[in-house]
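The values are calculated or read from the model by the stated rules, or taken from the named source; none is laboratory data. Given the structure is predicted, the values throughout are model-derived calculations rather than measurements. In case anyone asks, the SASA skips ligands and DNA or RNA and just uses the protein heavy atoms, side chains included. Shrake-Rupley method; radii C 1.70, N 1.55, O 1.52, S 1.80 Å.
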Amino acid sequence: NTRRMCCRCRNITRVEEMKGRSCLECAKVVAKQKQDYLNRTIAEFRQLYISSGTHRSWWYSEIRKSARQLNKHRPKICQVCAYNKHIEYAHVKAISEFEDSATLREINSESNIAILCRNHHWELDHGLIKLCCGS
(Lines give C-alpha, C1' and ligand atoms only; values in the text may rest on other atoms or scores of the structure.)
Protein backbone atom coordinates (compact mmCIF):
# COMPACT_ATOMS: atom_id res chain seq x y z
CA ASN A 1 0.00 0.00 0.00
CA THR A 2 2.65 2.51 -1.10
CA ARG A 3 1.83 6.20 -1.27
CA ARG A 4 3.48 9.00 -3.22
CA MET A 5 3.17 12.74 -3.49
CA CYS A 6 1.64 14.17 -6.68
CA CYS A 7 4.19 16.43 -8.36
CA ARG A 8 1.45 18.97 -9.22
CA CYS A 9 -0.98 19.27 -6.29
CA ARG A 10 1.34 17.79 -3.63
CA ASN A 11 -1.40 15.52 -2.27
CA ILE A 12 -0.33 12.14 -0.95
CA THR A 13 -1.97 9.44 -3.08
CA ARG A 14 -1.82 5.66 -3.39
CA VAL A 15 0.46 4.57 -6.23
CA GLU A 16 -2.45 2.74 -7.88
CA GLU A 17 -4.25 6.09 -8.17
CA MET A 18 -1.40 7.83 -9.97
CA LYS A 19 -0.42 8.25 -13.59
CA GLY A 20 3.32 8.74 -13.75
CA ARG A 21 4.20 11.31 -11.10
CA SER A 22 0.72 12.89 -11.01
CA CYS A 23 -2.51 11.90 -9.32
CA LEU A 24 -5.32 10.94 -11.70
CA GLU A 25 -7.09 14.30 -11.26
CA CYS A 26 -3.98 16.29 -12.15
CA ALA A 27 -3.25 13.92 -15.06
CA LYS A 28 -6.74 14.69 -16.47
CA VAL A 29 -6.10 18.44 -16.19
CA VAL A 30 -2.75 18.10 -17.99
CA ALA A 31 -4.32 15.99 -20.77
CA LYS A 32 -7.04 18.61 -21.28
CA GLN A 33 -4.47 21.42 -21.41
CA LYS A 34 -2.47 19.46 -24.00
CA GLN A 35 -5.58 18.95 -26.16
CA ASP A 36 -6.46 22.64 -25.91
CA TYR A 37 -2.90 23.59 -26.85
CA LEU A 38 -2.88 21.31 -29.91
CA ASN A 39 -6.18 22.79 -31.09
CA ARG A 40 -4.82 26.35 -31.14
CA THR A 41 -4.63 27.95 -34.57
CA ILE A 42 -1.88 29.96 -36.23
CA ALA A 43 -4.07 33.05 -35.79
CA GLU A 44 -4.28 32.41 -32.04
CA PHE A 45 -0.49 32.07 -31.77
CA ARG A 46 -0.05 35.27 -33.75
CA GLN A 47 -2.49 37.08 -31.44
CA LEU A 48 -0.63 35.80 -28.37
CA TYR A 49 2.63 37.11 -29.84
CA ILE A 50 1.11 40.54 -30.49
CA SER A 51 -0.48 40.84 -27.03
CA SER A 52 2.57 39.57 -25.11
CA GLY A 53 5.13 41.74 -26.87
CA THR A 54 7.43 38.81 -27.65
CA HIS A 55 9.53 38.68 -30.80
CA ARG A 56 7.60 37.66 -33.91
CA SER A 57 9.64 34.46 -34.28
CA TRP A 58 8.21 33.22 -30.97
CA TRP A 59 5.08 31.62 -32.43
CA TYR A 60 7.12 29.77 -35.08
CA SER A 61 9.39 28.40 -32.35
CA GLU A 62 6.33 27.28 -30.35
CA ILE A 63 5.02 25.41 -33.40
CA ARG A 64 8.42 23.75 -33.97
CA LYS A 65 8.70 22.78 -30.30
CA SER A 66 5.32 21.10 -30.57
CA ALA A 67 6.49 19.19 -33.66
CA ARG A 68 9.34 17.69 -31.65
CA GLN A 69 7.00 16.69 -28.83
CA LEU A 70 4.32 15.16 -31.07
CA ASN A 71 6.83 13.14 -33.09
CA LYS A 72 9.33 12.07 -30.42
CA HIS A 73 8.09 8.47 -30.61
CA ARG A 74 9.35 8.09 -34.20
CA PRO A 75 12.73 6.53 -35.09
CA LYS A 76 15.57 9.06 -34.89
CA ILE A 77 17.10 8.40 -38.31
CA CYS A 78 17.12 10.44 -41.52
CA GLN A 79 14.35 9.22 -43.81
CA VAL A 80 16.57 9.82 -46.85
CA CYS A 81 20.01 8.52 -45.89
CA ALA A 82 19.49 6.75 -42.51
CA TYR A 83 22.03 8.98 -40.73
CA ASN A 84 21.33 8.85 -36.99
CA LYS A 85 23.86 11.09 -35.20
CA HIS A 86 21.87 14.33 -35.53
CA ILE A 87 18.32 14.58 -36.81
CA GLU A 88 15.89 17.43 -37.28
CA TYR A 89 12.13 17.57 -37.58
CA ALA A 90 11.27 19.18 -40.92
CA HIS A 91 7.87 20.40 -42.07
CA VAL A 92 7.13 18.93 -45.51
CA LYS A 93 4.59 21.70 -46.06
CA ALA A 94 6.08 24.87 -44.58
CA ILE A 95 4.37 26.51 -41.61
CA SER A 96 3.98 29.70 -43.65
CA GLU A 97 1.94 27.83 -46.29
CA PHE A 98 -0.86 26.95 -43.85
CA GLU A 99 -3.99 29.08 -43.48
CA ASP A 100 -4.44 31.03 -40.25
CA SER A 101 -7.16 28.57 -39.26
CA ALA A 102 -4.77 25.58 -39.27
CA THR A 103 -4.29 23.98 -35.87
CA LEU A 104 -1.03 22.94 -34.25
CA ARG A 105 -2.18 19.33 -34.52
CA GLU A 106 -2.63 19.69 -38.30
CA ILE A 107 0.66 21.52 -38.92
CA ASN A 108 2.68 19.04 -36.84
CA SER A 109 0.89 15.87 -37.87
CA GLU A 110 3.08 12.86 -38.54
CA SER A 111 2.23 13.10 -42.24
CA ASN A 112 3.68 16.64 -42.40
CA ILE A 113 6.85 16.00 -40.37
CA ALA A 114 9.87 14.40 -41.96
CA ILE A 115 12.81 13.29 -39.84
CA LEU A 116 15.95 14.33 -41.66
CA CYS A 117 19.64 14.90 -41.14
CA ARG A 118 20.76 18.52 -41.27
CA ASN A 119 21.84 18.29 -44.93
CA HIS A 120 18.59 16.77 -46.19
CA HIS A 121 16.56 19.26 -44.13
CA TRP A 122 18.41 22.11 -45.83
CA GLU A 123 17.86 20.49 -49.24
CA LEU A 124 14.13 20.12 -48.52
CA ASP A 125 13.85 23.75 -47.42
CA HIS A 126 15.63 24.92 -50.58
CA GLY A 127 13.61 22.77 -52.99
CA LEU A 128 16.44 20.40 -53.93
CA ILE A 129 14.53 17.32 -52.73
CA LYS A 130 10.82 16.64 -52.54
CA LEU A 131 9.12 14.53 -49.91
CA CYS A 132 5.51 13.43 -49.92
CA CYS A 133 3.49 12.87 -46.78
CA GLY A 134 6.43 12.92 -44.37
CA SER A 135 8.35 10.09 -46.01
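Pairs of Lys residues in the chain, spaced 8 or more positions apart or belonging to different chains, with C-alpha separations under 22 angstrom: 18 in total.
Volume of the convex hull of the range 1-56 (Cα atoms only), normalised per residue: 96 Å³. Please report, as a whole percent, how much of the solvent-accessible surface of the range 59-128 comes from carbon and sulfur atoms (probe radius 1.4 Å). Here it works out to 49 percent.
Shown in residue order for the range 24-34 are the 3J(HN,Hα) couplings computed by the Karplus curve 6.51 cos²θ - 1.76 cosθ + 1.60 at θ = phi - 60°: 4, 5, 5, 4, 5, 4, 5, 4, 5, 4, 5 Hz (x for Gly and Pro). With 5 Å bins beginning at zero, the pair-distance distribution over Cα atoms of the range 7-135 amounts to 2, 10, 16, 16, 15, 13, 12, 8, 5, 2, 0, 0 %. In the full protein context, the chain carries 67 Å² of accessible surface per residue, based on a 1.4 Å probe and ignoring ligands, DNA and RNA. Diagonalising the gyration tensor over the Cα atoms of the range 77-135 and scaling each eigenvalue by 5 before taking the square root yields semi-axes of 21, 12, 9 Å, largest first. In sequence order, the range 8-20 has phi-based couplings of 9, 9, 6, 6, 7, 9, 5, 4, 5, 9, 10, 10, x Hz under the Karplus curve 6.51 cos²θ - 1.76 cosθ + 1.60, θ = phi - 60°, and Gly or Pro positions carry x.
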